[in-house]
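The values are calculated or read from the model by the stated rules, or taken from the named source; none is laboratory data. This is a predicted model, so every value here is computed, not measured. Virtual Cβ from ideal backbone geometry, glycine too; neighbours counted across all protein chains shown. Just so you know, the surface numbers come from the protein's heavy atoms only, side chains and all, with ligands and any DNA or RNA stripped out. Shrake-Rupley method; radii C 1.70, N 1.55, O 1.52, S 1.80 Å.
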Amino acid sequence: MKLPPLAPISFRCLRVWQRNFEIYRQNWKISFVPPLLEPLLYILAFGVGLAVMVGEFELQGRTLSYTRFIAPALVAVAIMYNAFFETTYNSFVRMYYQKTFDALLATPLNLEEIILGELLWGATKSLIATLLMGGMISLFGLFDYPGALLLIPLALLGGLCFAAFGMICTALVPGIETFNLPIFLGITPMFLFSGTFFPLQNLPGWAQGLAQLLPLTHLVALVRGSALHLWSGGMWLSLLYLLVFAALLLPLAIKLMVRRILH
Amino acid sequence: MPILQVDSLRKSYGSLTAVDGITFAVEKGECYGLLGPNGAGKTTTIRMLYGYTPRDAGRLQLFGLDIDEQLRQIKSRIGVCQQEDSLDPDLSVRQNLVGFARYFSIPQTVAEQRADELLQFFALTSRASDNVRVLSGGLKRRLMLARALVNAPELVILDEPTTGLDPQSRQLLWQKLAELKEQGITILLTTHYMEEAERLCDRLVIVDHGQILVEGEPAKLVREQVGQSVLEIAAPDAEILDILKKEDCRVETLGKRLLVYLQDGDELFLRLTRQLGTANCTLRPASLEDLFLKLTGRELRE
Ligand SMILES: Nc1ncnc2c1ncn2[C@@H]1O[C@H](COP(=O)(O)OP(=O)(O)OP(=O)(O)O)[C@@H](O)[C@H]1O
Ligand SMILES: [Mg+2]
């Protein structure tokens with residue numbers, strides 16, 4: 001597989017970000033509802049319904065309610081969803097159906113800047129969701145401060161990782177229906193098996209090993225560790241994993257998109 | 001120095017050669033036409049001009065700048081109206097213009113002023129706050145054109161700007177394009193309307209299968225290659241065919257119709273009508289369409 005070298009990238013990528021931001025702002029009343037209400041639904045379902053069965057349990061020497069255990073994971077999942085769905089369905093529509101990138105290529109922007117703008121926007125959506133959800137969850141006293149403030153940079157880092165992952169899918173799928181495949185094979189398993197709803201230690205050894213390969217596992221570990229003040233040395237490794245993941249996948253995503261669009 | 005210099009431009013998609021060594025130059029202030037049947041390679045040529053499609057070979061210079069070295073600078077000085085609509089459906093008519101200006105780093109206040117001028121110019125002011133989704137095809141085309149002018153380009157590249165427009169809108173656009181030309185803006189235009197090319201283009205090329213068939217001023221080309229006028233004879237009988245065989249002129253049979261291409265004057269026409277009667281004969285000036293069909297044939301393209 002031969003990939004083109006990257007063209008120089010300038011501040012102009014922010015123009016693409018700005019376009020998406022302004023449209024988001026126009027519809028903010030609708031856009032704000034899901035991240036605000038979603039945690040309420042989960043807290044209701046798990047906190048009231050499921051917690052009765054699960055009760056409290058011990059994690060790293062602390063006794064936690066089940067609601068408190070899953071609250072950070074909800075934010076991590078939102079980080080994944082917001083970035084991934086932005087750079088898959090939404091970017092695909094802009095690229096393929098709305099010909100937005102075609103129009104932008106006739107301006108001083110180059111394709112690298114357009115794609116980077118989309119990726120940054122995907123990460124921004126993760127950040128917005130994190131702020132809204134995190135704020136709502138904090139009202140219930142489920143997060144510990146100041147550690148929970150680390151969710152802000154984590155949202156951006158995690159957002160970039162999943163935005164890049166989504167964009168790679170966009171560069172490779174033949175049509176918009178095909179996104180079902182990476183969702184079924186990647187996103188849904190991560191949602192379930194990344195230490196989100198139960199500690200990884202509950203899994204058999206081989207599955208724990210597999211889970212360590214998933215980016216969401218590391219994002220959940222970082223978000224939970226920070227938001228609940230459950231610090232551990234393993235968090236440094238998780239941080240390193242996400243940094244390397246982003247450093248590799250971001251340029252790859254841009255290159256694959258350039259290859260897809262320019263021919 | 002020409003505004004646009006295209007040199008031996010070439011592009012293949014697999015085994016299909018879409019553009020096969022095209023060379024032409026557009027001078028400042030000129031309206032230059034790029035004509036050709038479906039699939040001739042017009043859009044592919046245009047896309048190479050703004051770096052959308054990488055070319056396989058050839059040299060491209062705009063404003064004397066090489067496209068490989070100064071693409072960004074070149075793109076800030078051109079306006080492109082693509083063949084397919086690429087308006088932003090999430091934005092209003094006015095926002096489409098103001099938002100687009102941002103990509104050229106035009107300050108907000110200047111952009112807004114420019115947008116209002118363009119809305120006025122293209123008679124879109126009353127639709128300024130409408131969503132693009134609800135616009136008719138013709139209004140969208142007009143907005144595409146307005147958007148191509150948002151950066152006050154020195155060269156506008158228009159890929160079939162009037163396809164799908166009603167006669168009123170087309171007339172309006174012709175008038176606007178003429179006004180742009182008066183302002184000294186250079187125009188590169190593709191169209192399937194020969195009348196449009198005849199009216200607007202100072203010079204043009206006709207391409208087919210990615211190659212240039214002919215280049216020049218439309219009226220002159222028609223005169224040289226087709227003749228002065230065309231005599232159309234409906235339902236010709238054997239007698240007419242017999243007479244025509246003796247004359248020195250090009251005759252084309254189209255089903256039940258006969259086209260006789262007349263070189264100069266009506267001398268032959270008078271002689272023919274005297275012998276045949278004028279009942280089924282129509283004399284009309286030769287047109288660019290005649291030339292186009294002569295050069296590219298009458299078969300449909302797949
Ligand atoms: N991305 C592509 N991949 C493969 N083939 C292509 C691609 N783009 C264009 N072609 C082919 O190249 C040829 C030239 O296409 P082009 O769009 O330049 O024609 P055109 O002159 O603009 O035609 P039209 O008048 O229909 O717009 C066609 O045969 C077309 O199918
Ligand atoms: Mg075309």
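Take the accessible area of A alone and of B alone, subtract that of the pair with a 1.4 Å probe, and the total buried over both chains is about 2500 Å². Simple spin-label estimate for A:GLU22 and B:ASP264 gives 6.1 nm between the two label positions (7 Å along the Cα-to-Cβ direction from each Cα). Once the C-beta distance of A:LEU240 and B:ASP130 is scaled by a Förster radius of 60 Å, the resulting FRET efficiency is 0.70 to the nearest 0.05.
For Cα pairs less than 8 Å apart in space and 6+ apart in sequence, what is the mean separation divided by the residue count of chain B, i.e. the relative contact order in percent? Walk me through the intermediate numbers first.
Values: 544 pairs, mean separation 62.6, N = 302.
Relative CO of chain B lands at 21 percent.
Interface burial in segment B:38-55, defined as at least 40 Å² less accessible area with all protein chains than with the chain alone at a 1.4 Å probe, covers B:TYR52. Compared with the direct C-alpha span, the chain from B:GLU215 to B:ALA279 gains 19.3 nm at full extension, assuming 0.36 nm per residue.
Leaving out ligands, DNA and RNA, and with a 1.4 Å probe, what % of the accessible surface on chain A is carbon or sulfur? Let's see the in-between values first.
Working: 8210 of 11430 Å².
Solvent-exposed carbon and sulfur of chain A make up 72 percent of the total.
Charge dipole of chain B (Cα centre as origin; +1 on each Lys and Arg Cβ, -1 on each Asp and Glu Cβ, all else neutral): 600 debye, rounded to the nearest 20. For segment B:216-288, the share of accessible area belonging to carbon and sulfur comes to 49 percent (1.4 Å probe, ligands and nucleic acids excluded).
With each run of n ≥ 4 DSSP H residues scored as -39500 (n - 2.57), what mean residue ellipticity at 222 nm is computed for chain B after dividing by its residue count and rounding to the nearest 500 deg cm²/dmol? Let's see the in-between values first.
Details: 11 runs with 113 residues, N = 302.
So the helix-based figure for chain B works out to -11000 deg cm²/dmol.
Interface burial in segment A:80-128 reaches 50 Å² or more for A:GLN98, A:LYS99, A:ASP102, A:ALA103, A:LEU105, A:ALA106, A:THR107, A:PRO108, comparing the full protein assembly with the chain by itself; accessible area from heavy atoms with a 1.4 Å probe. Each of B:GLN171 and A:ARG62 was given a label point 7 Å from its Cα along the Cα-to-Cβ line. The distance between the two points is 7.7 nm. The calculated FRET efficiency for B:GLU182 paired with B:TYR13, based on their beta-carbon distance and R0 = 30 Å, is about 0.15.
In this simple spin-label approximation, B:THR253 and A:LEU262 carry label points 7 Å from Cα along the Cα→Cβ vector, and these lie 5.4 nm apart.
Once you've got the Cα coordinates, tell me which of B:LYS11/B:LYS42; A:LYS99/B:LYS140; B:LYS28/B:LYS294; B:LYS140/B:LYS176; A:LYS29/A:LYS125; B:LYS28/B:LYS181 are over 19 Å apart.
As for pairs spanning more than 19 Å Cα to Cα, those are B:LYS28/B:LYS294.
Backbone amide hydrogens, once placed in the peptide plane, bring B:ARG203 within less than 5 Å of B:CYS31, B:GLY33, excluding anything fewer than 5 places away on its chain.
Within a 10 angstrom radius of each residue's Cβ in B:88-95, how many Cβ atoms of other chains show up on average? Whole number is fine. If you can, show how the numbers build up before the last one.
Working: counts 8, 5, 10, 4, 1, 0, 0, 4.
So the per-residue partner count for this stretch is 4.
Which Cα, out of B:GLY29, A:CYS169, B:LEU244, lies furthest along the positive dipole direction of the protein assembly as shown (beta carbon charges, K/R +1, D/E -1)? The listed residue farthest towards the positive side: A:CYS169.
The spacing between segment B:76-99 and segment A:154-204, judged by their C-alpha centroids, is 34 Å. In chain A, the calculated helix contribution to ellipticity at 222 nm averages -20500 deg cm²/dmol per residue, counting -39,500 (n - 2.57) for every DSSP H run with n ≥ 4.
Between the Cα long axis of helix A:215-227 and the first principal axis of chain A there is an angle of about 50°, rounded to the nearest 10.
Taking the solvent-accessible surface of protein heavy atoms with a 1.4 Å probe, what is the per residue accessible area of chain A in Å²? If you can, show how the numbers build up before the last one.
On the way: 11430 Å² over 263 residues.
Averaged over the residues of chain A, the accessible area is 43 Å².
Which value, in debye to the nearest 20, gives the size of the charge dipole of segment B:81-235 about its Cα centre, when Lys and Arg are +1 and Asp and Glu are -1 at the Cβ?
In debye, rounded to 20, segment B:81-235 gives about 420.
Hey, what angle do you get for helix A:234-261 against the long axis of chain A, alpha-carbon based, 0 to 90 degrees rounded to 10? For helix A:234-261, the angle is close to 20 degrees. What FRET efficiency, computed as 1/(1 + (r/R0)^6) with R0 = 35 Å and r the Cβ-Cβ distance, is obtained for B:LYS245 and B:ASN38, rounded to the nearest 0.05? The value I calculate is 0.50.
So, with +1 on the Cβ of K and R and -1 on the Cβ of D and E, and no other charges, what is the size of the charge dipole of the protein assembly as shown about its Cα centre, to the nearest 20 debye? Let's see the in-between values first.
Numbers: 52 positive and 55 negative charges, 276 e Å.
It comes to approximately 1320 debye.
Which one, B:MET48, B:THR109, B:PHE269, is farthest towards the positive end of the dipole of chain B when Lys and Arg carry +1 and Asp and Glu -1 on their Cβ? About the Cα centre, the residue reaching furthest to the positive side is B:THR109. Per residue, segment B:4-217 exposes an accessible area of 38 Å² to a 1.4 Å probe, with every protein chain left in place. May I ask for the angle, rounded to the nearest 10°, between helix A:28-42 and the longest principal axis of chain A, with both axes built from Cα atoms and the value confined to 0 to 90°? Value to nearest ten degrees: 30. Under the criterion of Cα pairs below 8 Å and six or more residues apart, the relative contact order for chain A equals 26 percent. Think of the protein assembly as shown as having a plus end and a minus end, set by charges on the Cβ of Lys, Arg, Asp and Glu; of A:GLY61, B:PHE100, A:LEU160, A:GLY61 sits farthest toward the positive end of this dipole. Classify segment B:227-285 from the C-alpha gyration tensor, please: rounded if a/c falls under 1.5, else prolate or oblate depending on whether a/b exceeds b/c. Here segment B:227-285 falls in the rounded category.
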